[in-house]
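The values are calculated or read from the model by the stated rules, or taken from the named source; none is laboratory data. Because the structure is predicted, anything quoted here is derived from the model rather than measured. Reconstructed Cβ throughout: ideal geometry from the backbone, glycine too, with neighbour counts over all protein chains shown. These accessible areas exclude ligands, DNA and RNA; they are computed on the full protein's heavy atoms, side chains included. Shrake-Rupley method; radii C 1.70, N 1.55, O 1.52, S 1.80 Å.
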Amino acid sequence: MTATTPVRLLVCDDHAVVRAGLLALLGSAPDIEVVGAAGSGEEAIALAAKLAPQVVLMDLQLGDGIDGVEATSRIAGRPGAPYVLVLTTYDTDADINRAIAAGATGYLLKAERPEELFAAIHAAAEGRTTLSPPVASRVMAQLRTPVPQLTDREQEILAQLAQGLGNREIARALFISEATVKTHLGRIYDKLGVDTRSGAVAVAKERRLLR
């Protein structure tokens, strides 16, 4: 991008005060042109199609309606789509993985300095990835950690667990004994490094182990 061709930007954040603050901040950058602002995922999708921005600055949590991840997926999946740069307060593995899988070009935290945000917007407009340092650290940690290898039966039980079924219900659904379910659960817990059912489901979702 050159100084004479500012990046066309669409902002999506459901908090009016935060959105106004972003618009004021971005308005101070001479090489960024905010072409629209959305307060919901649905509105962001519509405005992205109508205004043809180069970059969409997307929050993840958008209140009622679809969330930022779903909005990102729908926007990024269109022909000639703009790049989507996530700007959020959330930095869990699950949020990062979902956003990247949905097609986000970059992932920034709202604690970043304004100049870092400006630089990330320009990077996104060129199709380059920018990650906040804490996010980059999480991504690297995931890459260094081997993915647990679950057997087909353990995968089946984990899927039932994610649906909130108890041991007896899982046993009936899979035509096995409760004792066998407990044995498999113990192995699943060991492989995932957890000691509770909710912990197993949370880790499985974060690491996308559920089929």
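Here are the numbers for the structure shown:
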item: Condition met for Ile45 (out of contact with any Cys (no Cβ under 6 Å at 6 or more places or on another chain), among the β-branched types (Val, Ile, Thr), outside any strand (DSSP E or B) and over 21 Å from Leu26 (Cβ atoms)); result: no
item: Residue among Ala81, Ala94 that is among the aliphatic types (A, V, I, L, M) and closer than 16 Å to Cys12 by Cβ; result: Ala81
item: Residue identified as in a strand (DSSP E or B), in contact with a Ser or Thr (Cβ under 6 Å, 6 or more places away or on another chain) and without any contact (Cβ under 8 Å) to a residue 40 or more places away in the chain among Leu108, Leu60; result: Leu108
item: Conditions (1) open to solvent by 70 Å² or more (accessible area, probe 1.4 Å); (2) in a loop (DSSP other than H, G, I, E, B); (3) farther than 30 Å from Ala52 by Cα; (4) not charged (D, E, K, R): number failed by Ile176; result: (1)
item: Residue in region 34-51 that is buried (at least 22 other Cβ atoms within 10 Å of the Cβ), touching a residue at least 40 places away in the same chain (Cβ under 8 Å) and farther than 13 Å from Phe118 by Cα present; result: no
item: Residue in region 58-75 that is in contact with a strand residue (DSSP E or B) (Cβ under 7 Å, 6 or more places away or on another chain), surrounded by 17 or more Cβ atoms within 10 Å (Cβ to Cβ) and under 17 Å from Phe118 (Cα atoms) present; result: yes
item: In region 179-211, the residues that are open to solvent by less than 80 Å² (accessible area, probe 1.4 Å), of a type outside the set (A, V, I, L, M), more than 21 Å from Ala101 (Cβ to Cβ) and not in a helix (DSSP H, G or I); result: Gly193, Thr196
